[in-house]
Amino acid sequence: MPDHLIDPYGRRVGYVRLSVTDRCDLRCFYCLPDDYRGDSEPEDWLTFAEIERLIGAFIALGVRRVRLTGGEPLTRRDLPDLAGRLSRIPGLRDLSLSTNAVALARQARALHAAGVRRINVSLDSLRADRFRQITRGRLDKVLAGLMAARAAGFAPVKINMVVMKGINDDEIEDMVAFCIEHDFTLRLIETMPVGDTGRNAASHYISLREIRERLESRFDLTPGVMPGGGPARYVQVAGTDLRIGFITPISQHFCETCNRVRLAADGTLYLCLGQDHKFEFRPLMRAGISDAELLDAVCEAIAMKPERHEFRERPQQVVRFMGITGG
Ligand SMILES: C[S@@+](CC[C@H](N)C(=O)[O-])C[C@H]1O[C@@H](n2cnc3c(N)ncnc32)[C@H](O)[C@@H]1O
Ligand code: SF4
């Protein structure tokens, strides 16, 4: 793999989270405010051709994995076309998707045919009334989307559950049973103070150490591995195929192995989820930057990657909502 994308702390950046829109058809209370109408104008979003060119530059410099995210990526028109364009770029090994799955039942087959192979679905509750309170959306649509993903051949299908004290922390065992039944992988996530919404949810923060101890008292857990597992630390539930990942940005951060950057829909590259360091590609691209200059610009951006987030020390730091950088 080319060694061009090594940041000042010696970490090789091999993964881009690509937000294709900052819009969403849900309003998870810890992510986007009720009255949110979008942060940028759609005409400011990179076109598919611009995305393909920019992601192509990252891949030429060593990126091997891209995840489509948002906002809600399925609300971006013709997403399977974009997925197909990206999956055909030589050198890309892994194209994945993070989605709320509301519109997945309609798009699962086309996305799989376009080369998306792995999928993460946000699901914080299996109770329709609670799901509506958390997200303002309908659980039945998400469940239909999950089943469509399975039928279309996505593997693995991972469930992302943000665990919140007093909101859904009593549902983890139910989620474990659901994932065993349907052969999904479960990933538990700590709330992060990203945007005012994320900070408002901080009162529901619960350390996943506590949850892990609780699960250990009920299940026989052994260390597990998960290809492409990213920052999650996995355990396997003995006697089942279920793997559970713990994503602990607050109680045990994983910045020293961070290999990722986040490209927002408007072409702004964010170097860290918990910091404001950023590099704007859209003005350069629309001013006619050459291919060689674009490669230099990507290297320049990676050189700005900060050492770590400061969610604990400076929880007020990040003003943008999670739905802008795609988690
Ligand atoms: C911003 S969403 C974008 C993709 C898609 N809409 C979805 O929900 O999967 C990506 C992930 O960020 C998580 N997220 C959003 N706000 C968060 C917060 N304040 N703390 C922790 N996770 C958060 C969501 O639960 C989701 O799993
Ligand atoms: S977490 Fe995902 S589904 Fe929920 S509001 Fe944010 S972007 Fe939308």
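Just to be sure, is M164 open to solvent by 30 Å² or more (accessible area, probe 1.4 Å), in contact (Cβ under 8 Å) with a residue 60 or more places away in the chain, under 25 Å from G274 (Cβ atoms) and part of a loop (DSSP other than H, G, I, E, B)? First the steps, then the outcome.
Working: open to solvent by 30 Å² or more (accessible area, probe 1.4 Å): no; in contact (Cβ under 8 Å) with a residue 60 or more places away in the chain: yes; under 25 Å from G274 (Cβ atoms): yes; part of a loop (DSSP other than H, G, I, E, B): yes.
Here the answer is no, as M164 does not meet what is asked.
Return the residues of the range 91-104 that are of a type in the set (A, V, I, L, M) and closer than 18 Å to F131 by Cα; say none if nothing qualifies. Scanning the range 91-104 gives A101, V102, A103, L104. Candidates R17, R53, R85, R67: the one that is in a strand (DSSP E or B), modelled with pLDDT of 95 or more, open to solvent by 20 Å² or more (accessible area, probe 1.4 Å) and within 20 Å of V298 (Cβ to Cβ) is R17.
Would you list the strands (runs of 3 or more DSSP E) that sit entirely within the range 210-327 and hold 1 or more residues that are over 25 Å from C179 (Cα atoms) and not small (G, A, S)? Working first, answer last.
On the way: elements: 221-223, 233-237, 243-247, 260-263, 268-270, 278-280.
Where strands (runs of 3 or more DSSP E) fall fully within the range 210-327 and carry at least 1 residues being over 25 Å from C179 (Cα atoms) and not small (G, A, S), they are 260-263, 268-270, 278-280.
Only one of the numbered conditions (1) among the aliphatic types (A, V, I, L, M); (2) open to solvent by less than 10 Å² (accessible area, probe 1.4 Å); (3) under 30 Å from D25 (Cβ atoms); (4) at pLDDT 90 or above is violated by L294, and that is (3).
Only one entry in G327, G323 is within 16 Å of ligand 2 (Cβ to nearest atom), open to solvent by 20 Å² or more (accessible area, probe 1.4 Å), touching a strand residue (DSSP E or B) at 6+ places or on another chain (Cβ under 9 Å) and not polar (S, T, N, Q), namely G327. In the range 75-103, the residue that is nearest to ligand 2 (Cβ to nearest atom) out of those that are free of Cβ contacts under 8 Å to residues at least 40 places away in the same chain and under 19 Å from L26 (Cα atoms) is L97.
The values are calculated or read from the model by the stated rules, or taken from the named source; none is laboratory data. What you see is a predicted model, and the numbers here were worked out from it, not measured in a lab. Don't worry about glycine lacking a Cβ; one is built from the backbone with ideal geometry, like all the others, and counts go over all protein chains shown. Note: accessible area is taken over every heavy atom of the protein model, side chains too, but ligands, DNA and RNA are not part of it. Shrake-Rupley method; radii C 1.70, N 1.55, O 1.52, S 1.80 Å.
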